[in-house]
Amino acid sequence: MRFAITLLVVIALASIIGTIIKQNESYTGYLVEFGPFWFNIFRRLGLFNIYSTGWFVTILGFLVVSTSLCIYRHAPQFVKDMRSFRENATLHSLQNFQHQTTFATTLDLDAQTRIAADFLNTNGFKYKLKDQLHASQPHRLLAAKKGVAQRLGYFFAHAAIILICIGGLLDGNLFIRMQEWFNGKQVETREMRVSQIPARSKLSDSNPTFRGNVTIPEGSSTDVLFLNHKEGYFVQELPFTVTLKKFHVEHYPTGQPKRFASDIVVTLKNSGKQISGTTSVNHPLIVDNIAIYQASFGDGGSPVTLKRWDLDAPSTQTTDLKGVSQSNQPVSVHQQPYTLELGDFRFFNIENFANDKTPARQGMMDEFKGDMENAAKVTKEKTLHNVGPSILYKLRDASGQAREYINYMSPITLEGAPYFISGMKARVIDPYQYFRFPADANGEITGFMSLRALLLDAGKRKLIAEQTAKQALTSTALSETYRLQFIDSAERVLAAFARGGFPELDRQLKINVPQDKRNEVAQIYLKILQTSALEAYKMQHPEHAPTGQEMRFVLDSLVSMSALHEYGSSVYFQLTDFQQVQASGFQISRSPAKKIVYLGCLFLVLGVFAMFYIQEQRIWLACQNGKLLFSMSGTRKNQQFEHAFTRYQAALKQALQSPASPEA
Amino acid sequence: MELVSQTSGKFASNRFKPDTFDLVFAIGILLSAFYVFTHFNADMDIYEKIILMATAPAVIALGWYWKSIRPLVIGIAALSLWSISLHQGDLARAEKVFTLRYMLSSQSAIMWMGVLYILALVVAWFGLFRRSAFATKFATGLTWAATLMGFTGMFVRWYASYLLGPDVGHIPVSNLYEVFVLFCLIASLLTLFYSERYQGSQLLPFALLVITTAVGFIAWYAVSRGAQQIQPLIPALQSYWMKIHVPANFVGYGAFALAAMIGVALLLTRTRMATYLPAPAVLDEIMYKAIAIGFFFFTIATILGALWAAEAWGGYWSWDPKETWALIVWLNYAAWLHLRLIKGVRGMALAWWAVGGLLVTSFAFLGVNMWLSGMHSYGGL
Ligand code: HEM
């Protein structure tokens, strides 16, 4: 018994480890996480898939054994106890019960018996009657029992444990291990096409139990499954082919996902029979005892068109580039070979770029008040919304250095104006650094690009500077020399800005201007720059004077141009067209022992209930002449039992006093 | 040989005989169930019809088995319906209409629940130390009131969720905030039940310690995290299993929490506090009862979880952290029960164990959500 309890505790403790170390991850991941030293120790101990390691399974085995033994040990005794009425209890022993009373009565044996029997029946006892009329103390014994099913509870609860453990073992990776031990199967650790995977890592569809995953792009099919096992995986052949017709996502108005569902067609290999259906989360599709679950989803390789902007070419020449997400292709930048690694294409992006500023609150009290008001509401205005499609890509140079970019297809409105957004990060772990390009009047990026091209074009600088001078120096009174000076400095400002944006201007300022003048001069530089930009814009849009919106566009453009020096690449791939192809991840499992486990569960519930809520009670009523002995015992002497005893006592007392038999 | 084949009826059997209130109660429940069934038949799917049909008799049986709960049931129905009628199908009114804003909107009702529990705690301890029967009675009353408000809040929340959108609406047992309220309610019901069955057993002061702690958490969670906002159900949670799996679990948690607090009381009987406390034997028995019922429901809940997982995750058992911790809790109490039932161990050792059990349970309940990632990461903090 102690052993059983120890087992329970040990299993509990062992299970904890598995919840702390994430199970069945990639071994390389573990290596990084724990370092070689601990990695090896942990691997030896099997902590990475603890619930299927030898020692853990062995403990479970012990659990089964000890429980079985327990049943075996108790069964005969229990059955006997349940059957028996214990009608052989001696009067002497009955008198020594903790719960017993003797009632004096004038009634004869039969009358007593009648009352006793009546009493037992009414209270739901089964009894057996035994005459001891020739014993030293002659008496007639009614031995009664009730609630013996409590013992059954014990059997059920324990049988349940055994059933569940065995069922679980069968549905676990037992068979896979057998294939390893006796059938020379080995896990595959390399990434490779299914066709190339050697037979020793493939499991035939006769494998009775398996549970694995597979991802299928829309329009494609598969007839295999990947079972993660130890440091690698097995390929499980399926008795059918699964074809993904279409994957659906539905969203709530708030943007949270509402439904993931896949329309699939299953084609049985042996009969060629086709079954089409839909599987969605919580609604698996079951085909000859193999269940197909909606597990995950993603981009299945979508054809996309990217418009390539060369940022350092002083022109707005663009080239279109066709590609498929999730695939690589070579590109050349400055005659240097690069690889463009297209990642996820996303059709939906629920983002919150707008750094929504809540109105400033005065002090703690307000803070608190505001919180309380919010706490009183069950709703909240949502800041999240869908910002449309995006493409993710890495641009990797020959030396293997790469930067990651995520570009959003449609302009996103920030502080009231539309911008094209592009996120960049130099290292995987960094957060994205977002760049914004103001969209022009037609919601295109072209306006910005051409303005930029013009403003940075060394050839056009003089022209712009002159226009700026014309704009800035309205009074004719000024001397020609001063005008030339102005133009000259305007050119230098533009040049500096072209070289390095605002930071470069700042540097120039620090070099050329004495401390005390800087602020003032900075203002002038800024003014010149802005005026020049505006002039440049006017050259491109002579038709009318720039509106307030256009003014903002120009100023924003300056900011973006300056920021672009940080962009880390001289090409910007604008997502212009796509054709979404999604992929759906399925978990497919065959678990024949499920029924055993469920039966076990049923037993467990019945058993536990019986054990707790059925109370075994036994009563002996010894009718003697002149008195009746009432003794009672039970498996649990709790308050309930005491209550019952007193109630029975009272009932009997009363019955024996009241005129019982007709002749009395 | 049978002397008396069937009962002559001379003996008052202990079989149950309903009184008038019982009958009125039953009829009331049946009528309302019938009303719902006929009026909303079109809107209900087969599960909902089955659940409705099962609920009516269940509530009646409960009311007959534990008479004091009948007024509560009636009160909840009355307040909820009142609140719903005040809403007039418009959530905004929850802040406009006075009665809703300060009493019956789901949030205010739940805030009232918290306040009343805290009051009850204070009064209960006062009653304990002053040996004041009145104060104790009063604390009991407050606890009933708090529970009434809590349930009302939950039902109104359920209704409100549908006002957000027919596809958003769902039973409020889907996130940590909601289940915490559920926890308070179930824990107090169990406490009230056992305090009544074992008269003079001073459970309230102790049980309310846990309950008010939970209340504190609810308040913090709502104020600092806006957790009270009703979120639509992510696909994984759109299942009928959730509706029974979660509540079953919380009967377990509630009972274990109560048991732990009784454990504390039991340990205190070794100190000068003893003079204020009921006999250790009584506490010991209630502690057992609490763990027994908790274990029973927790077993069912875990099994329901497995059934659900088999439908949602593709396997009835995946050793997901939450699952595993449920198993750990289960094993822990199975061991406890073995000690008590078989070895007949009693007293302090088990009291300590029950207290420890609460730590294990709370980790399974909260710790997992906070520190361990897994497929159960819904109620994330
Ligand atoms: C979880 C796995 C379980 C194991 C490994 C287990 C193991 C055992 C063992 C070995 C015994 C007999 C001790 C002996 O004869 O020396 C026993 C007895 C018992 N177990 Fe379990 N048990 C388990 C679950 C349960 C559950 C869930 C319950 C229900 C609450 C339960 C209730 C009992 C009872 C009441 C006895 C005493 C039977 C008697 O001697 O009258 N067990 N258990």
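What the table below lists for this structure:
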| item | result |
| --- | --- |
| Answer from A:Arg552, A:Arg618 - the residue that is at pLDDT 90 or above, within 16 Å of the ligand (Cβ to nearest atom) and more than 41 Å from the chain's Cα centre (by Cα) | A:Arg618 |
| Qualifying positions in the range A:207-252 - touching a Pro at 6+ places or on another chain (Cβ under 9 Å), of a type in the set (Ser, Thr, Tyr) and within 20 Å of A:Ile286 (Cα to Cα) | A:Thr209 |
| Subset of the range A:130-167 (residues that are away from the ligand (no atom under 14 Å from the Cβ), surrounded by fewer than 22 Cβ atoms within 10 Å (Cβ to Cβ), farther than 19 Å from A:Leu656 by Cα and within 11 Å of another protein chain (Cβ to nearest Cβ)) | A:Lys130, A:Asp131 |
| Leading residue by the ranking (surrounded by the fewest Cβ atoms within 10 Å (Cβ to Cβ)) among those in the range A:593-612 that are touching an Asp or Glu at 6+ places or on another chain (Cβ under 9 Å) and either over 16 Å from A:Cys165 (Cβ atoms) or within 9 Å of another protein chain (Cβ to nearest Cβ) (or both) | A:Lys594 |
| Residue within the range A:435-451 that is touching a Leu at 6+ places or on another chain (Cβ under 8 Å), closer than 14 Å to A:Tyr572 by Cα and surrounded by 20 or more Cβ atoms within 10 Å (Cβ to Cβ) present | yes |
| Flag for A:Tyr30 being under 30 Å from A:His158 (Cβ atoms) and crowded, with 19+ Cβ neighbours inside 10 Å | no |
| Matching residues in the range B:151-178 - criterion: being assigned to a loop (DSSP other than H, G, I, E, B) and surrounded by fewer than 22 Cβ atoms within 10 Å (Cβ to Cβ) | B:Leu164, B:Gly165, B:Pro166, B:Asp167, B:Val168, B:Gly169, B:His170, B:Ile171, B:Val173, B:Asn175 |
| Some residue of the range A:237-257 being in a strand (DSSP E or B), over 20 Å from A:Gly301 (Cβ atoms) and of a type in the set (Gly, Ala, Ser) | no |
| Single condition B:Ala290 does not satisfy, out of (1) part of a loop (DSSP other than H, G, I, E, B); (2) buried (at least 20 other Cβ atoms within 10 Å of the Cβ); (3) more than 11 Å from chain A (Cβ to nearest Cβ) | (1) |
| Test result for B:Ala259, surrounded by fewer than 21 Cβ atoms within 10 Å (Cβ to Cβ), at pLDDT 90 or above and within 14 Å of chain A (Cβ to nearest Cβ) | no |
| Any hit, the range A:558-568, residues being at pLDDT 90 or above, small (Gly, Ala, Ser) and buried (at least 22 other Cβ atoms within 10 Å of the Cβ) | no |
| Which listed residue is touching a residue at least 40 places away in the same chain (Cβ under 8 Å) and within 14 Å of chain A (Cβ to nearest Cβ), from B:Tyr159, B:Tyr117 | B:Tyr159 |
| Residue check for A:Ile59: aliphatic (A, V, I, L, M) and either out of contact with any helix residue (DSSP H, G or I) (no Cβ under 9 Å at 6 or more places or on another chain) or within 13 Å of the ligand (Cβ to nearest atom) (or both) | yes |
| A:Phe34 being within 16 Å of the ligand (Cβ to nearest atom) and at pLDDT below 85 | no |
| The range A:102-122, residues that are touching a Lys or Arg at 6+ places or on another chain (Cβ under 8 Å) and away from every other protein chain (no Cβ under 14 Å) | A:Thr102, A:Phe103, A:Ala104, A:Thr105 |
| Residues located in the range A:15-31, provided they are more than 10 Å from chain B (Cβ to nearest Cβ) and within 16 Å of the ligand (Cβ to nearest atom) | none |
| Complete set of residues in the range A:621-646 that are within 49 Å of the chain's Cα centre (by Cα) and assigned to a loop (DSSP other than H, G, I, E, B) | A:Thr635, A:Arg636, A:Lys637, A:Asn638 |
| Residue match in the range B:180-194 (condition: within 14 Å of the chain's Cα centre (by Cα) and more than 16 Å from B:Gly252 (Cβ to Cβ)) | yes |
| Failed item, numbered, when B:Ala248 is tested on (1) in a helix (DSSP H, G or I); (2) among the small types (Gly, Ala, Ser); (3) farther than 22 Å from B:Val360 by Cβ | (3) |
| Single condition A:Ala157 does not satisfy, out of (1) modelled with pLDDT of 85 or more; (2) of a type in the set (A, V, I, L, M, F, W, C); (3) under 32 Å from the mean Cα position of the chain (by Cα); (4) under 28 Å from A:Phe56 (Cβ atoms) | (3) |
| Options A:Arg190, A:Arg177, A:Arg200; residue that is away from the ligand (no atom under 16 Å from the Cβ), of a type outside the set (A, V, I, L, M), assigned to a loop (DSSP other than H, G, I, E, B) and out of contact with any Leu (no Cβ under 9 Å at 6 or more places or on another chain) | A:Arg190 |
| Subset of the range A:108-149 [of a type in the set (S, T, N, Q) and not in a strand (DSSP E or B)] | A:Gln112, A:Thr113, A:Asn121, A:Thr122, A:Asn123, A:Ser136, A:Gln137 |
| Selection status of A:Phe39, touching a residue at least 60 places away in the same chain (Cβ under 8 Å), buried (at least 17 other Cβ atoms within 10 Å of the Cβ) and either within 14 Å of chain B (Cβ to nearest Cβ) or more than 27 Å from A:Ala157 (Cα to Cα) (or both) | no |
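Rundown of residues vs (1) in a helix (DSSP H, G or I); (2) closer than 30 Å to A:Val605 by Cα; (3) within 16 Å of the ligand (Cβ to nearest atom), yes/no style:
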residue: A:Trp38; (1), (2), (3): yes, no, no
residue: A:Leu63; (1), (2), (3): yes, yes, yes
residue: A:His74; (1), (2), (3): yes, yes, yes
residue: A:Glu87; (1), (2), (3): no, no, no
residue: A:Thr106; (1), (2), (3): no, no, no
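Yes/no matrix, rows are residues, columns are (1) at pLDDT below 85; (2) away from the ligand (no atom under 11 Å from the Cβ):
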position	(1), (2)
B:Gly315	yes, yes
B:Lys343	yes, no
B:Gly347	yes, yes
B:Ala351	no, yes
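So that you can scan it fast, the table gives a plain yes or no per residue for (1) away from the ligand (no atom under 16 Å from the Cβ); (2) under 30 Å from B:Leu283 (Cβ atoms); (3) out of contact with any helix residue (DSSP H, G or I) (no Cβ under 6 Å at 6 or more places or on another chain):
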site	(1), (2), (3)
A:Pro592	yes, no, yes
A:Leu604	no, yes, no
A:Gly607	no, yes, no
A:Met611	no, yes, no
A:Gln624	yes, no, yes
A:Leu628	yes, no, no
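Yes or no, residue by residue, for (1) surrounded by 22 or more Cβ atoms within 10 Å (Cβ to Cβ); (2) more than 10 Å from chain A (Cβ to nearest Cβ); (3) among the basic types (Lys, Arg):
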{"position": "B:Tyr316", "(1), (2), (3)": "yes, no, no"}
{"position": "B:Pro321", "(1), (2), (3)": "yes, no, no"}
{"position": "B:Val329", "(1), (2), (3)": "yes, no, no"}
{"position": "B:Leu337", "(1), (2), (3)": "no, no, no"}
{"position": "B:Trp352", "(1), (2), (3)": "no, yes, no"}
{"position": "B:Gly356", "(1), (2), (3)": "no, yes, no"}
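The values are calculated or read from the model by the stated rules, or taken from the named source; none is laboratory data. Every value quoted in this text rests on a predicted model; they were computed, and no experiment measured them. With ideal geometry, Cβ positions are generated from the backbone for all residues, glycine too; neighbour counts draw on all protein chains shown.
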